[in-house]
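One structure below.
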Amino acid sequence: MEGLIQVGLGELRVAANSEVILACYGLGSCVGVAIYCPVNRVGALAHVMLPTCALAHQPLKKAKYADSAIPDMLEQMERMGAQRRLVVAKIVGGARMFSMPGRRGREGEMGYRLQVGERNVEAVKSTLKRLKINLAGEDTGGDYGRTIRFALSDGSVLVSSVRHGVKKL
Amino acid sequence: MEEKLTPLQLDALREAGNIGAGNAAMALSSMVKAKIMVHVPKALILPLDLVSELAGGPETVVVGVYLRVSGEVNGRMLLLLPEPSALQLINMMLPEEPTEQLSELARSGLQEVGSILTGSYLNALENLTGLTLRPSVPAFARDMAGAVIDLILVELGEADDEVLVIETTFDLAGLAVSGHLVFFPDAGSLDTILGHLGVK
């Protein structure tokens, strides 16, 4: 497995080949979670859609939810030789894509739904904290979409967007 | 989806989409004084990550106008315009307006287009089914298609790994303008719609 591997909505991919680049295209309110073990260059990327699997239907698609995707990534990475205490995470996305002037809503209202990006970022961060994974880089929030390319050669995450250029984490 | 739809049911949804889009095209046509071509709609059950392919892939830059539908039928509607089409449309409606960047006026113009198109689409569906479908205030975004669509998929994806989409592509005859009108009925409203279309 080498080259560019696309990680679709609600999916995660793990690789232990430094030739591989894992990518998420067009992240809006979703969050791309990249976890990397620098010693043996094992990396995982998840395209997380929702904060928690607490209300999810069965069978559970773990990669869709922040709180189930991250433990699953770590487990798969360890099986490929990653060392848990060395891994670091970089997170990108969680934007609020649509503007609705003057509406910051209560639960169940349009405004609240538009905030799912922020809730995703919070859930990703609290899951990383709970699992004692160091957050090494972040480009989250705002009102714009992002594409990320996560290079397993050095763990760098390249963030590109339509209006805000390219950024390296 | 909990249960797959039969070919007859998908046909009925496609036809409903056709009637909605036909009405929307008439409204747009009188707005921009140009002839609109409406393609045969698609009614599809798609895995979440394929939905952005309807707009040319997740990185295609689009203008999206998003509305929620409530009433006897709940769902979501999205107007997706590839960026060059959106700029061309603005150029036709507001010839004085610069198009290198979307001005506030251009944004509200496109929001209005979205509002009128989805409004007439839903109106036609109301007449067809006898059910009420009320649109919300439109929300606006200009960005990569994947990012514009993912909010809707996040909402629908909470309950499912696949979504039902009724998509219609339209073109402005002789002009480089095309767009997509997409209706995402909620899974819970599907039975109601199918019942009123006589294909339950």
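The table for this structure:
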| quantity | calculated |
| --- | --- |
| Net charge, A:GLN76 excluded, C-beta distance under 14 Å - Lys, Arg +1, Asp, Glu -1 | 0 |
| Overall Cα dimensions of the range A:3-168, principal axis frame, Å, largest first | 49, 38, 25 |
| Residue-level accessible surface for A:LEU169, protein heavy atoms, 1.4 Å, Å² | 40 Å² |
| Positive-end extreme of charge dipole, the range B:1-150 - chosen from B:LEU122, B:SER136, B:GLY75 (charges on Cβ) | B:LEU122 |
| Nearest-ten-degree value, helix B:83-93 long axis tilted from longest Cα axis of chain B | 70 degrees |
| Tilt relative to chain B, helix B:187-196 - C-alpha long axis, 0 to 90 degrees, to 10 | 80 degrees |
| Of all accessible heavy-atom area on the protein assembly as shown, the percent that carbon and sulfur account for (1.4 Å) | 51 percent |
| Gain on full stretching of the segment that runs from B:ASP11 to B:ARG134 - 0.36 nm per residue minus C-alpha separation | 41.9 nm |
| Pairs of Cα atoms farther than 32 Å apart, chain B, % | 11 percent |
| Nearest-20 debye value, the range B:7-196 charge dipole, Cβ charges on Lys, Arg, Asp, Glu | 680 debye |
| B:ILE45 paired with B:GLU83, simple spin-label distance in nm, labels 7 Å along Cα-to-beta-carbon | 3.6 nm |
| For B:GLY71, residues with placed amide H under 5 Å, excluding near neighbours | B:ARG134 |
| Against the rule of thumb 2.2 N^0.38 Å, how large the Cα Rg of the protein assembly as shown comes out | 1.02 |
| Cβ-Cβ FRET estimate between B:MET92 and B:MET26, R0 fixed at 22 Å, reported to 0.05 | 0.85 |
| Angle between chain B longest axis and helix B:145-157 axis [Cα atoms, degrees, rounded to 10] | 20 degrees |
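The values are calculated or read from the model by the stated rules, or taken from the named source; none is laboratory data. Everything quoted here is computed from the prediction, not taken from an experiment. So basically every Cβ, Gly included, is an ideal-geometry build from the backbone, and we count neighbours across all protein chains shown. To get the accessible areas, we keep the full protein, side chains included, count just its heavy atoms, and leave off ligands, DNA and RNA. Shrake-Rupley method; radii C 1.70, N 1.55, O 1.52, S 1.80 Å.
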